[in-house]
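**Student:** After the structure tokens below, expect a handful of questions from me.
The values are calculated or read from the model by the stated rules, or taken from the named source; none is laboratory data. As the structure is a computational prediction, the values presented were derived from the model and not from experiment. Neighbour counts are summed over all protein chains in view; Cβ atoms, including those assigned to glycine, are modelled from backbone coordinates with ideal geometry.
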């Protein structure tokens with residue numbers, strides 16, 4: 001029988017200088033999932049106190065000490081923060097009162113945990129995060145701020161192959177950073193940015209319901225544990241993309257079922273629905289206001305097939321792109337850097353608007369001849385274009401002003417076809433340039449747009 005996780009207590013994964021505990025061995029993000037699962041096990045165990053047996057407290061404390069030991073070995077700062085907030089939520093909301101002796105024992109256990117954390121270097125790792133000296137924490141800040149911007153930059157969301165992570169690396173990541181990501185390392189932002197408005201609102205409504213149904217003014221042990229475990233789940237999902245792993249949902253859903261039964265009377269109280277609506281509206285306003293307020297060098301608007309940069313209408317420049325091999329993976333960042341400070345709107349995509357007369361159209365790599373023939377632009381710049389359909393191209397080049405730029409370290413046959421074409425159909429409106437020592441990718445490709453736009 002294969003288990004969804006490794007029950008061996010010393011299974012670990014090496015990251016940098018740390019040997020971090022990993023139960024699931026799922027690759028990237030697995031350690032965070034391990035830490036989040038441990039936290040939810042700890043919180044879930046607090047529900048045993050509802051049995052009101054004298055020995056239960058000591059069993060729960062022992063279990064939490066063991067699980068706390070494992071949690072420290074994960075070195076997960078986000079999980080630790082989630083645990084602390086969940087613990088204080090439980091203390092505030094639960095009716096439990098413990099004796100002085102038990103309180104002292106809990107304090108001693110916490111001190112021992114801190115001392116152990118200090119010995120293994122976990123407290124040092126926490127300190128770097130607090131002092132903003134942690135590279136992983138700083139990266140998360142960049143990812144999360146970009147994820148918030150995407151909420152209004154791309155209201156329809158991203159779906160395969162254009163995932164939120166790919167959008168981040170192309171349009172929001174710092175130019176000098178080359179780290180690659182599969183997700184935004186945040187379950188909430190990942191889901192919100194993968195889907196459109198209806199799904200966005202449904203997701204926020206779901207969490208509004210969760211917190212409304214689990215929160216109870218009557219100080220119930222089960223309600224307080226349910227609220228705390230969903231708080232832990234929510235916070236862990238902020239710090240990592242854990243919600244995609246089905247095991248994470250087992251304990252929260254179990255407590256949700258229990259608390260729905262315990263708090264079933266809420267469904268007959270209209271105040272319950274007012275609470276859900278209030279949380280829903282406040283959350284939407286907070287998220288989208290924050291998204292709009294975040295600083296941007298250039299306004300971005302992601303549409304179905306195109307990305308629009310700038311605010312003026314209509315677009316003066318259209319960049320026809322079938323793949324990113326010619327412009328590079330970070331063509332978005334290069335384009336943003338080029339357009340900053342210019343009163344100019346650029347659209348990049350696979351389908352030009354034939355009703356617009358562009359000042360410049362850039363065609364990168366392979367193109368659909370019909371798309372280009374139907375387009376309207378004062379000037380055309382072809383970057384490493386694949387030669388196609390001589391008859392159509394000859395008619396096109398006779399009527400349009402165009403420049404063809406090809407790297408000399410590319411397909412020799414393609415270069416020869418373009419040379420022969422220009423020799424045969426040469427006119428004053430067209431030019432062919434070969435770039436020395438340049439392959440498929442055209443370095444500093446935005447400069448060719450500028451030359452075309454501002455020549456003479």
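**Student:** Taking the residues in the stretch 323-339 that are within 24 Å of the chain's Cα centre (by Cα) and part of a loop (DSSP other than H, G, I, E, B) as candidates, determine which candidate is farthest from residue 174 (Cα to Cα). Talk me through it step by step, then tell me what you get.
**Tutor:** We begin by selecting, within the stretch 323-339, every residue within 24 Å of the chain's Cα centre (by Cα); these are 323-325, 327-337.
From what is left, the residues that are part of a loop (DSSP other than H, G, I, E, B) are 323-325, 327-330.
Working: 323: 21, 324: 18, 325: 20, 327: 17, 328: 15, 329: 13, 330: 10 Å.
Once the filter is applied, the top-ranked residue is 323.
**Student:** Looking only at the stretch 179-205, count every residue that is at pLDDT below 95 and closer than 18 Å to residue 279 by Cβ and tell me the total.
**Tutor:** Matching residues across the stretch 179-205 total 0.
**Student:** Quick check on the stretch 343-353. Is at least one of its residues at pLDDT below 85 and either surrounded by fewer than 19 Cβ atoms within 10 Å (Cβ to Cβ) or out of contact with any helix residue (DSSP H, G or I) (no Cβ under 8 Å at 6 or more places or on another chain) (or both)?
**Tutor:** Taking the stretch 343-353 as the starting set, the residues that turn out to be at pLDDT below 85 are none.
No: zero hits.
**Student:** If a residue counts only when it is loosely packed, with under 15 Cβ neighbours inside 10 Å, which helices (runs of 4 or more DSSP H) contained entirely in the stretch 179-269 have at least 1 such residues? Outline the logic, then answer.
**Tutor:** On the way: elements: 187-194, 197-214, 221-239, 250-262.
By residue number, 197-214, 250-262.
**Student:** Within 22 Å of residue 204 (Cβ to Cβ), surrounded by 15 or more Cβ atoms within 10 Å (Cβ to Cβ) and in contact (Cβ under 8 Å) with a residue 40 or more places away in the chain: does that describe residue 288? Before the answer, list the steps.
**Tutor:** On the way: within 22 Å of residue 204 (Cβ to Cβ): yes; surrounded by 15 or more Cβ atoms within 10 Å (Cβ to Cβ): yes; in contact (Cβ under 8 Å) with a residue 40 or more places away in the chain: yes.
So residue 288 fits the description; yes.
**Student:** Just the residues that are in contact (Cβ under 8 Å) with a residue 60 or more places away in the chain and part of a loop (DSSP other than H, G, I, E, B), please, taken from the stretch 345-360.
**Tutor:** Once the filter is applied, which keeps residues that are in contact (Cβ under 8 Å) with a residue 60 or more places away in the chain and part of a loop (DSSP other than H, G, I, E, B), the stretch 345-360 yields nothing.
**Student:** Let me ask something additional. At least 2 residues that are over 23 Å from the mean Cα position of the chain (by Cα) and without any contact (Cβ under 8 Å) to a residue 40 or more places away in the chain in each: list the helices (runs of 4 or more DSSP H) lying fully within the stretch 72-155 that qualify.
**Tutor:** Values: elements: 77-93, 100-120, 122-130, 135-153.
Hits in the stretch 72-155: 77-93, 100-120, 122-130.
**Student:** Same structure again: Has the stretch 294-301 got any residue that is under 18 Å from residue 213 (Cβ atoms) and surrounded by 14 or more Cβ atoms within 10 Å (Cβ to Cβ)? Lay out the reasoning, then the answer.
**Tutor:** Taking the stretch 294-301 first, the residues under 18 Å from residue 213 (Cβ atoms) are none.
Within the stretch 294-301 (the criterion being under 18 Å from residue 213 (Cβ atoms) and surrounded by 14 or more Cβ atoms within 10 Å (Cβ to Cβ)), the answer is no, since none of the residues qualifies.
**Student:** Return the residue satisfying two criteria in turn: it lies in the stretch 302-311 and is closer than 11 Å to residue 332 by Cβ and under 19 Å from the mean Cα position of the chain (by Cα), and of such residues it is surrounded by the fewest Cβ atoms within 10 Å (Cβ to Cβ).
**Tutor:** First, the residues of the stretch 302-311 that are closer than 11 Å to residue 332 by Cβ: 302, 307, 309.
This time we only want the ones that are under 19 Å from the mean Cα position of the chain (by Cα), so: 302, 307.
Details: 302: 20, 307: 22.
Among them, the one singled out is 302.
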